[in-house]
1. Return the residues of segment 85-98 that are surrounded by 15 or more Cβ atoms within 10 Å (Cβ to Cβ) and at pLDDT 95 or above; say none if nothing qualifies.
2. Being over 15 Å from the mean Cα position of the chain (by Cα), under 18 Å from residue 39 (Cα atoms) and free of Cβ contacts under 8 Å to residues at least 40 places away in the same chain narrows it down to one of 70, 134, 113, 150, so name that one.
3. How many of the residues in segment 116-127 are in contact (Cβ under 8 Å) with a residue 40 or more places away in the chain, buried (at least 16 other Cβ atoms within 10 Å of the Cβ) and either touching a strand residue (DSSP E or B) at 6+ places or on another chain (Cβ under 7 Å) or part of a loop (DSSP other than H, G, I, E, B) (or both)?
4. Got a sec? Which of 130, 113 is surrounded by 12 or more Cβ atoms within 10 Å (Cβ to Cβ), modelled with pLDDT of 95 or more, touching a helix residue (DSSP H, G or I) at 6+ places or on another chain (Cβ under 9 Å) and within 20 Å of residue 29 (Cβ to Cβ)?
5. Modelled with pLDDT under 95 and closer than 21 Å to residue 12 by Cβ: which single residue out of 148, 154 fits that description?
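The values are calculated or read from the model by the stated rules, or taken from the named source; none is laboratory data. Quantities reported herein were computed from a predicted structural model and do not represent experimental measurements. Backbone-built Cβ (ideal geometry, glycine too); neighbour counts: all protein chains shown.
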């Protein structure tokens, strides 16, 4: 269970990009709504919240790289949903996406937050993308905003 930080996040003046996989759209669109709601609740401006649709979760790292390279965002929130199948394909995809997103963040020095669900069932994914505070899109946005603040403190 993740423990929430007591320090509130602030999105004032931040530009973010929410990149959302089209696979399992019911799940991923709920993650995106949660991420955007957290951004706005933290004082972010809706005009500074860019939404980008990805064909699937596999495409998240390259789109994150392009957004970061364009200097149009202070952070990227990558959202997707991978459901376990009959083979280990989900593990291969999940590891590659995690590695790709981490590499983009390390190369650019900006937060690239991973909100890609890796669940065994649709019911598990629905629970993690519900409109409640346990929405992993919300968590991914909050993590990105906290990281922006921490980087600003380090650079000050």
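1. 93, 94, 97, 98 - these are the residues of segment 85-98 that are surrounded by 15 or more Cβ atoms within 10 Å (Cβ to Cβ) and at pLDDT 95 or above.
2. 150
3. The number of residues fulfilling the criteria is 3.
4. Every option except 113 fails the conditions.
5. Values: 148 fails: modelled with pLDDT under 95.
Step by step, each of 148, 154 is checked, and only 154 is modelled with pLDDT under 95 and closer than 21 Å to residue 12 by Cβ.
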